[in-house]
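Okay, so here's the structure we're looking at.
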Amino acid sequence: MLRGTISYMTPTAKILSEKALPAFSTRWLLALPKLGVVLLLAALLALLWLLHLNEIEEERATLIKDVLWLEQNLRFHLDSDEEQLQQFAADMSNLATQKKTFRLRASHLVKNTPEIDQLMWLNPERKVIDALPSMTPPDAEIEAFGPPVTEKAFDTARRLGKQVYSEPFFLEKNRSFIETATPIFHEGHFIGMLVAVYPLDTMLANLVPWWFTEKYKVEIIDDNDILYATKTHVQGQSSQTYEIPFDPPGYGLKLRIGSYKSNDNPLQKLLTIAIIALAAGVFWSLWVVRDLMQKRSRAEEALRAEHAFRTAMEDSLTVGMRARDLKGRVIYVNPAFCKITGFSSQELVGSTPPMPYWAPEQIDESYAMHQAVLAGQAPVDGFEMTFMRKNGERFNALVYEAKLIDGNGVHTGWMASVLDVTERKRAEELARQQQEQLQFTSRLVTMGEMASTLAHELNQPLAAIASYNTGCLNLLERPDCTPQDIRPALEKVSIQAQRAGKIIRRVHDFVRKSEPKRAPCQLAEVVDDCLGFVESDARKRHVRIECAMPEMPPIPADRLMLEQVLLNLIRNAMEAMGNTPEIHRTLRIMIKLEDAELRVSVADQGCGIAPEIRDKLFTAFFTTKPEGMGVGLSICRSIIEFHRGRLWAEDNPNSATGTGTIFAFTLPLETA
Ligand code: ADP
């Protein structure tokens, strides 16, 4: 990239010109935040999971602690019951107060130990002596009180002489019970048995505190997973359970405690939801950012393509472009300008007058034009200047200056397009010289064609001079000849010699080679000269020439060129009337003075112009004549255009023969 171009580039273009990041690293850059968010999310979820595990662990620890406490509590109560029953049994050893003691102690015990449903006093034969609670006579009641104590427990207690727990058993409505059998001894003799009936559900209901059942489900089961009693205030599936042997009473009974998941911590729930929502939000925003990035990269791509296209366009321009700021400092040149001038953009950008490409001999003109451009007074349709290449070679440049307007509509400088027109000018000059040569040749041809008539015309004064000369000589031979006699003849000789001289000068003038130059000239004199030329030819062809000319101001023209035009038109007109009846062979030359121009017309009554050749008349080398060159009219048109006039052909509406042509041309009157 050229420095000049960079200095003129917008910031966006600069960014664009920098090497674009490879697509895969852009993808990586885009993926990194996503990866980060995924990792963060994973870490948060892992943390939540760990917290959850921790919570379960804590829950289990609490469960075990509570279970141990419950087991202790039950044991404590049962132990306390055991003590009381043993004391009771000891009190019952007194035979005299036995009955009374049972009633008193049993009612007290049943009342104060709600876990005991029933107390029975059995005789050594396992028959019920009394039982409480009972309002009816004991015997009658006894039958109603479930089965007596199991034989096994009874025997074991009797044999061991200490309190024994029975195996659990089911009774009415699937209620399960255990019993304790406490033997009563009197002086070493077994005299009866105290049996306490514990319904297991009542035991749980009374010994397990309410708060415990708010959290746990307490079950009494055996090894075979048979459920004997349960207590809970919570519904549903327990999350974890813990089993502990229920001893006493033993017999493989177990306490199974199931914990219920405490209602999830709302803060934790909220936190989880917040984390997920935030992660979703972050993902969504990443998605949006990705979308934006993609849009942006597409826009950048389009801009890059646009920039590349503009640069390619700029580089392929053959017209030199140069931008200057408002102070006249060069801020940009395109490659074509560098090529034309031979300077590099580094040498040109930043330069101030005098510019390196200004020709030293034209420094004043260049500076004046520079000032005019900065003042906004440069010619709109361009101007020509001579510039200098780096190698010192001069060249003609056609410069068009225009305002440089930036994207905000602010005038920031001047933009010039510069064309090297040296070659074009050279070609134009060559064409001009060739045209001139052609005109000259055409005049020579015309003169050649007119040579015989001119010779004839020249012959007349020469013959007259010869005869006057003979007359004079004859007079001189006479003795009485006085100079007065010779004088008139000599005067006539002189007139004829002048006439001959005029003819020769006119021919000389006509065929002389000269540069075209416009000078004030009288059109009437031009017409007179032409008539002088064609007079004898017209006579020979029996053509009458009529001429109507008003008073005219002189016009700026090249007299010789106009003569050539008129002579051409007159000769064409005379030739066109070759077949016209002699009586109608009239040629009219009319000059009219119009607003700002002269209108000259040459009208004939000749053959006229066929429509099919009308368009080709003014084309070089178009002729319908066997010996014609066909360059006359084309030369006439270029001469008239050189004088800023127009030349055209039209039918002659006033022709007596019905056919005929008018060739007309205009010439501006202004002196410019
Ligand atoms: P040239 O006279 O050598 O043919 P010009 O360029 O003068 O070349 O004329 C071109 C052609 O235009 C002539 O050949 C002729 O056909 C036609 N032409 C010119 N003047 C007239 C005229 N006054 N009437 C009819 N035809 C004309």
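Note on the stretch 171-203: residues that are assigned to a strand (DSSP E or B) and either basic (Lys, Arg) or in contact (Cβ under 8 Å) with a residue 24 or more places away in the chain (or both) total 21. Of all the numbered requirements in (1) over 24 Å from Asp201 (Cα atoms); (2) in contact (Cβ under 8 Å) with a residue 24 or more places away in the chain, Glu71 misses one, and that requirement is (1).
Here's a check for you: in the stretch 644-656, which residue that is touching a residue at least 40 places away in the same chain (Cβ under 8 Å) and over 25 Å from Glu449 (Cβ atoms) is farthest from the ligand (Cβ to nearest atom)? Top of the filtered list is Gly645. Annotation note: Cβ proximity below 6 Å between a residue of the stretch 607-627 that is under 25 Å from Thr586 (Cβ atoms) and free of Cβ contacts under 8 Å to residues at least 24 places away in the same chain and a residue that is in a loop (DSSP other than H, G, I, E, B) and within 8 Å of the ligand (Cβ to nearest atom) (sequence gap 6+ or interchain) occurs for Thr623/Gly630.
Among the residues of the stretch 614-631, those that are surrounded by 15 or more Cβ atoms within 10 Å (Cβ to Cβ), modelled with pLDDT under 90 and either over 57 Å from the mean Cα position of the chain (by Cα) or closer than 19 Å to Glu449 by Cα (or both) comprise Met629, Gly630, Val631. Each residue in the stretch 564-578 was checked for being more than 9 Å from the ligand (Cβ to nearest atom), in contact with a Cys (Cβ under 6 Å, 6 or more places away or on another chain) and not β-branched (Val, Ile, Thr), and 2 pass.
Residue count for the stretch 616-633, restricted to those that are within 8 Å of the ligand (Cβ to nearest atom) and of a type in the set (Phe, Trp, Tyr): 2. For beta carbons closer than 7 Å, sequence separation of 6+ or different chains, a first residue in the stretch 323-348 that is closer than 18 Å to Tyr367 by Cβ and touching a residue at least 40 places away in the same chain (Cβ under 8 Å) and a second that is in a loop (DSSP other than H, G, I, E, B) and basic (Lys, Arg), the qualifying pairs are Thr341/Arg389; Thr341/Lys390. Of the listed requirements (1) surrounded by fewer than 18 Cβ atoms within 10 Å (Cβ to Cβ); (2) under 21 Å from Ser601 (Cα atoms); (3) out of contact with any Gly (no Cβ under 9 Å at 6 or more places or on another chain), Glu575 misses just one: (3).
For the criterion of being modelled with pLDDT of 80 or more and either among the aliphatic types (A, V, I, L, M) or closer than 30 Å to Thr156 by Cβ (or both), Ala96 fails.
So, Cys636, is that one more than 25 Å from Gln435 (Cβ to Cβ), near the ligand (Cβ under 9 Å from one of its atoms), at pLDDT 90 or above and not aliphatic (A, V, I, L, M) or not? Considered against the rule, which asks whether it is more than 25 Å from Gln435 (Cβ to Cβ), near the ligand (Cβ under 9 Å from one of its atoms), at pLDDT 90 or above and not aliphatic (A, V, I, L, M), Cys636 comes out as no.
The values are calculated or read from the model by the stated rules, or taken from the named source; none is laboratory data. Please read all numbers here as calculations on a predicted model, not as lab measurements. Because the Cβ atoms are built from the backbone with ideal geometry, glycine has one as well, and the counts that use them run over all protein chains shown.
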